[in-house]
Amino acid sequence: MSKDLNSEFLKKIECGLTPLLSDSKINDVMNVIISSMYNYDLVEKETAVATMDDVDDRIISTYLSCLYVNGRSPKTIYQYKRNLNSFLSFVNKSIKDVGVYDIRYYFAHEKQRGVSNITIENYRSTLSAFYTWLTNEGIIDKNIMLSIDTIKCPKKIKQQFSDVEIDALRSACKNDKQRAIIEFLLSTGVRVTELSEMKVGDIDFSNKTVNVQHGKGDKQRFTYISSIAIKYLKNYLETRKTESDYLFCNYRHEQIGAGGIRSLLKTIGEEANIEDVHPHKFRRTFATNLSNRGMSIQEIQKLLGHANLNTTMRYVVVDDGRVKASYSKFIA
């Protein structure tokens, strides 16, 4: 039985290599594998679905509770829970029995399934944080994720809106509400969830200050708002038919959700014939514009509410013209 399994295993490897290598290279690789397997017999893996025991359930629940106490957002906690359950369901083992090979095989399986390196790196990051916690808590003796390298991902330069695109978006707005949202995002740099949770009382119209009370990780910060944003915001608030405390409301006169804001911006983008119009692009535009006008990266970091300066630096796209102008100041 084991010899048949060996043969079946070798055939699968050969089939997998066929579209990747020439016949001569395949022969060379197969010879190395066959010689390496000579003293080994494969045993078929048990494929019956195992039920996660109460111990694993309690471990994961405790870990997720720790994430909550440490200020992680519900969205992040849900993502961690989904990633961990998906992985453990695939390997069909208890947490303490998982080995490095299981993790590598899981990533290879996901790669063959067409999952992107960025997503696999997110899986790796989740497992790395989880197994670091397991080690620190004394639940396991060794952090197996230390043997797993970071997954290399293609680095994309995420672009901001150009001045021409911003003008087009402004022109495409159909009412004061749409224009107010555009101007608010451009001048404050808030996240879409922060905008959704924003209340009228959070705006100091006299001092042009915005109190962001529901920042990432429930951190509070202050940012500022432009005169043009205040103009359209006041117009919207004076004409809307609701007494809601929330700054922006939907057609039912209730708090507008993050999804509603994304949908509204997409509609404006389609009207302006601009692709990829979404809230985070306004945040990058905000950061880049401030940088190009000379604001320090540390000050931009404070306005964006980033804990790590490196995160802020990923938001800023330095204009080539500004680089050239700065170069001219120092090099004749």
Checked region 85-122 for anything under 19 Å from Lys12 (Cα atoms), of a type in the set (Phe, Trp, Tyr) and surrounded by 14 or more Cβ atoms within 10 Å (Cβ to Cβ); matches are Tyr106, Phe107
The number of residues in region 181-193 that are touching a residue at least 60 places away in the same chain (Cβ under 8 Å) and more than 24 Å from Arg314 (Cβ to Cβ) is 1
Residue set Ser125, Ser147; condition among the hydroxyl-bearing types (Ser, Thr, Tyr), surrounded by fewer than 17 Cβ atoms within 10 Å (Cβ to Cβ), touching a residue at least 12 places away in the same chain (Cβ under 8 Å) and over 21 Å from His278 (Cα atoms); output residue Ser147
Within region 181-196, residues assigned to a helix (DSSP H, G or I) and within 16 Å of Ser226 (Cα to Cα) come out as Ile181, Ile182, Glu183, Phe184, Leu185, Leu186, Ser187, Thr188, Leu195
Considering every residue within region 196-207, establish whether at least one is basic (Lys, Arg) and closer than 14 Å to Leu247 by Cβ.
yes
Can you confirm whether Tyr232 is assigned to a helix (DSSP H, G or I), surrounded by 17 or more Cβ atoms within 10 Å (Cβ to Cβ) and touching a residue at least 60 places away in the same chain (Cβ under 8 Å)? no
Checked region 150-168 for anything without any contact (Cβ under 8 Å) to a residue 60 or more places away in the chain and over 27 Å from the mean Cα position of the chain (by Cα); matches are Val164, Asp167
Open item on the list: Going residue by residue through region 69-80, is there one that turns out to be touching an Asp or Glu at 6+ places or on another chain (Cβ under 6 Å), of a type in the set (A, V, I, L, M) and surrounded by 12 or more Cβ atoms within 10 Å (Cβ to Cβ)?
Closed with: no
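Do we find a residue being in contact with a helix residue (DSSP H, G or I) (Cβ under 8 Å, 6 or more places away or on another chain) and charged (D, E, K, R) anywhere in region 203-215? Break it down stepwise before answering.
Filtering region 203-215 for residues in contact with a helix residue (DSSP H, G or I) (Cβ under 8 Å, 6 or more places away or on another chain) gives 203, 205, 208, 210-215.
Remaining after also requiring charged (D, E, K, R): 208.
For region 203-215, residues in contact with a helix residue (DSSP H, G or I) (Cβ under 8 Å, 6 or more places away or on another chain) and charged (D, E, K, R): present.
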Going through region 208-229 in order, the residues found to be part of a helix (DSSP H, G or I) and of a type in the set (S, T, N, Q) are Ser227
When His280 is run through (1) part of a helix (DSSP H, G or I); (2) over 23 Å from the mean Cα position of the chain (by Cα), the failure sits at (2)
Restricting region 117-166 to residues that are touching an Asp or Glu at 6+ places or on another chain (Cβ under 9 Å) and not hydrophobic (A, V, I, L, M, F, W, C), the one modelled with the lowest pLDDT turns out to be Gln159
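Conditions tested, residue by residue: (1) free of Cβ contacts under 8 Å to residues at least 60 places away in the same chain; (2) out of contact with any Gly (no Cβ under 9 Å at 6 or more places or on another chain); (3) surrounded by 21 or more Cβ atoms within 10 Å (Cβ to Cβ).
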| position | (1), (2), (3) |
| --- | --- |
| Arg170 | yes, yes, no |
| Arg179 | yes, yes, yes |
| Leu195 | no, yes, yes |
| Gly201 | yes, yes, no |
| Thr209 | yes, yes, no |
| Phe222 | yes, yes, no |
| Ile228 | yes, yes, no |
Filtering region 251-301 down to residues that are surrounded by 14 or more Cβ atoms within 10 Å (Cβ to Cβ), polar (S, T, N, Q), at pLDDT 90 or above and within 17 Å of Ile182 (Cβ to Cβ) yields Thr267, Thr285
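Can you name every one of the helices (runs of 4 or more DSSP H) wholly within region 88-172 that holds 3 or more residues which are closer than 30 Å to Phe282 by Cβ? So that I can check it myself, show each step before the final result.
Details: elements: 100-112, 117-136, 163-172.
By residue number, 117-136, 163-172.
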Per the list (1) loosely packed, with under 14 Cβ neighbours inside 10 Å; (2) under 27 Å from Ser61 (Cβ atoms), residue check on Pro154 breaks on (2)
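The values are calculated or read from the model by the stated rules, or taken from the named source; none is laboratory data. Every value quoted in this text rests on a predicted model; they were computed, and no experiment measured them. So basically every Cβ, Gly included, is an ideal-geometry build from the backbone, and we count neighbours across all protein chains shown.
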